[in-house]
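**Student:** My questions will all concern the structure given below.
Computed from the coordinates by the stated procedures, all read-outs in this text should not be read as laboratory data. Remember, it's a predicted structure, so these values are computed and weren't measured experimentally. No Cβ is skipped: glycine too gets one built from the backbone with ideal geometry, and neighbour counts run over all protein chains shown.
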Amino acid sequence: MIRSLAIISFVILVAISSAQGQTKLRGFMVARGIQPSDIEVLKTWKVNSIRYPLEWLAGVDSANEEEYAEWLEQALLTFDAILPALSEANIKVVLNLYSPPGGFSNNPACSSSQKLFCNGWTQSAFIEAWQKIATRYKDNATIYGFDLVNEPAFRKAAPGLMDWNTLAIEATKAIRQIDPTRHVIIEPPFGDLFRMNQIKPVPFQNISYSPHFYYPLSFQHQGLYGRKLGVKYPNKNFNKKLLAEKLARVVAFQKKNKGARIYFGEFSAVRWAPGNSAFQYLKDLISIFEKRGWDWSYHAFRESDAWSLEHDGNIKNKAPATKTTARLKLMQGFFNKNKFPP
């Protein structure tokens, strides 16, 4: 009986190891304006992956299908310009459709806040967008995978439209008809780990499920959007044990779905959290990711000084620090463990 249990345990561990893959992703979400000189910095830090956003905040909400297609082509051309530098640095890319067709909606007749679930043309344009992207990068080994939608704002689809689970399956089918083995990344509604139970796993291989972790906002976003400063970590009500408890639902999802691969596409803490709070928070959170074998990308590299590992803890200081910060040293310690995908 004991020997049988040992064999079963070994099989389970092998299955989880296989699902997680041999190469763990440790990297950054980056700004869409990233330059080859920035990529050279990431190379020296031994980053092995980035999450790159195809982002159109200025016009997507009012765009029609033709305008969206024109924007997407230009966004891909911008990305193509840095692709050789990424390839040279052996940094893999998770390409994220940060701005899906239609953008956000104020339609009171639709409970979701993205037109993707409110307007019919957006869903066909979404499938076509991924067909275009898959065709463009089919033979490019630098592209690790496709993150279908950043934080899909789904509550309920309008009549006649697909819900998020169905749309994710159809998009993955469309990609796999063109590129049978490319990794596909699927986020829960709103990227919210507390909505992991709303994801229905798709019937394909090479899939990652990608929650984001911004908890609690009172700590991570203090000093932003009118939130008060001065929230410390850890304290008696907020510590590593509590972080592990909040992440337990991701563990449960993974166990329920046979070791499904998990990729935390975004997490962070503002640099000006009191004392060494941001350092300690990141240390505790990433140690949990590491223990579980989860992939991750820190939000963000050279996007805003609020999250910057290159800036010190003084909220008034907008210039990069003259010395390597403790938070950057911490992250470099994890990057030093990186292996590089073939």
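**Student:** Evaluated at 25 °C with a viscosity of 0.890 mPa s, what Stokes-Einstein diffusion coefficient in µm²/s does segment 2-335 have when Rh comes from the Kirkwood expression over alpha-carbon pairs? Working shown, then result.
**Tutor:** Details: Rh = 20.9 Å.
Estimated diffusion coefficient is 118 µm²/s.
**Student:** Hey, another quick one. Would you mind getting the Kirkwood hydrodynamic radius of segment 146-230 from its Cα pairs, rounded to one decimal in Å? Display every interim value, and only then the final one.
**Tutor:** Values: mean 1/r = 0.0691 Å⁻¹.
With all distinct Cα pairs of segment 146-230 included, I get 14.5 Å.
**Student:** Return P(r) of segment 291-342 (all Cα-Cα pairs; 5 Å bins starting at 0; whole %; ordered from short to long distances).
**Tutor:** Reading upward from the zero bin: 4, 17, 23, 23, 14, 10, 6, 2, 0.
**Student:** Out of ILE39, TYR52, PRO274, whose Cα points farthest toward the positive end of the dipole of the chain (charges: +1 Lys, Arg; -1 Asp, Glu; placed on Cβ)?
**Tutor:** The residue sitting farthest along the positive end of the dipole is PRO274.
**Student:** Based on DSSP H assignment, which helices of the chain show an axial Cα extent of at least 30 Å together with a mean Kyte-Doolittle hydropathy greater than or equal to 1.0? Mind showing how you got there, number by number?
**Tutor:** Numbers: long enough: 65-89 (35 Å, 0.08).
Once both thresholds are applied, nothing remains.
**Student:** Return the inverse of the average 1/r over all pairs of distinct C-alpha atoms in segment 216-259, which is the Kirkwood hydrodynamic radius, in Å to one decimal.
**Tutor:** The Cα-based Kirkwood calculation yields 12.2 Å.
**Student:** Hey, another quick one. About its Cα centre, how strong a charge dipole does segment 232-342 have in debye, to the nearest 20, once Lys and Arg get +1 and Asp and Glu get -1 at the Cβ?
**Tutor:** My answer is approximately 460 debye.
**Student:** Please list the non-local residues whose amide H lies under 5 Å from the amide H of HIS311, H modeled 1.01 Å from N, same-chain partners needing a gap of 5 or more.
**Tutor:** Correct list: ALA321.
**Student:** Please list the non-local residues whose amide H lies under 5 Å from the amide H of ASP192, H modeled 1.01 Å from N, same-chain partners needing a gap of 5 or more.
**Tutor:** HIS212
**Student:** Using alpha-carbon positions, what is the distance between the centroids of segment 73-122 and segment 275-342, in Å?
**Tutor:** Distance between centres, Cα-based: 25 Å.
**Student:** Pairs to check: LYS291/LYS337; LYS228/LYS283; LYS156/LYS258; LYS138/LYS339; LYS228/LYS291. Give those whose C-alpha atoms are more than 25 Å from each other in this structure. Provide the component values of the computation, followed by the final result.
**Tutor:** On the way: LYS291/LYS337 13 Å; LYS228/LYS283 23 Å; LYS156/LYS258 28 Å; LYS138/LYS339 23 Å; LYS228/LYS291 32 Å.
Violating the 25 Å Cα-Cα cut-off are LYS156/LYS258; LYS228/LYS291.
**Student:** Of ASN338, VAL250, ASN237, which is farthest towards the positive pole of the chain's charge dipole, taken about the Cα centre with +1 and -1 on the beta-carbons of Lys, Arg and Asp, Glu respectively?
**Tutor:** ASN237
**Student:** Arrange MET162, MET331 by Cβ neighbour counts within 10 Å, fewest through most, would you?
**Tutor:** Taking fewest neighbouring Cβ atoms as first place, the list is MET162, MET331.
**Student:** From the phi angles alone, apply the Karplus equation (6.51, -1.76, 1.60; θ = phi - 60°) to segment 189-204 and give each ³J(HN,Hα) in whole Hz, x where the residue is Gly or Pro.
**Tutor:** x, 6, x, 8, 4, 6, 10, 4, 6, 8, 7, 9, x, 7, x, 9
**Student:** Please report the antiparallel percentage of DSSP beta bridges with both residues in the chain, rounded to the nearest 5.
**Tutor:** Values: 2 of 32 bridges.
If I count the DSSP bridges inside the chain, around 5 percent turn out antiparallel.
**Student:** Once you wrap a convex hull around the alpha carbon atoms of segment 76-201, what is its projected area averaged over all directions, in nm²? Please report the intermediate quantities before stating the final value.
**Tutor:** Values: hull surface 32.5 nm².
Mean shadow area of the hull around the Cα atoms is 8.1 nm².
**Student:** Note down the magnitude of the dipole of the chain about its Cα centre, charges +1 on Lys and Arg C-beta and -1 on Asp and Glu C-beta and zero elsewhere, to the nearest 20 debye. All intermediate terms of the calculation are to be shown ahead of the outcome.
**Tutor:** Values: 43 positive and 29 negative charges, 413 e Å.
In debye, rounded to 20, the chain gives about 1980.
**Student:** For TYR209, which sequence-distant residues (separation of 5 or more, or a different chain) have an amide H within less than 5 Å of its own amide H, given hydrogens modelled in the peptide plane?
**Tutor:** For TYR209, the qualifying residues are ILE186, ARG261, ILE262, TYR263.
**Student:** Tell me what the chain gives for mean residue ellipticity at 222 nm when only DSSP H runs of n ≥ 4 count, each as -39,500 (n - 2.57), the sum divided by the residue total, rounded to 500 deg cm²/dmol.
**Tutor:** Numbers: 9 runs with 132 residues, N = 342.
Mean residue ellipticity at 222 nm (helix-derived): -12500 deg cm²/dmol.
**Student:** Rank ARG176, ARG227, ARG26 by mean-square fluctuation in a GNM of the chain with C-alpha springs under 10 angstrom and give only the top-ranked residue.
**Tutor:** Looking only at ARG176, ARG227, ARG26, the biggest GNM fluctuation is shown by ARG227.
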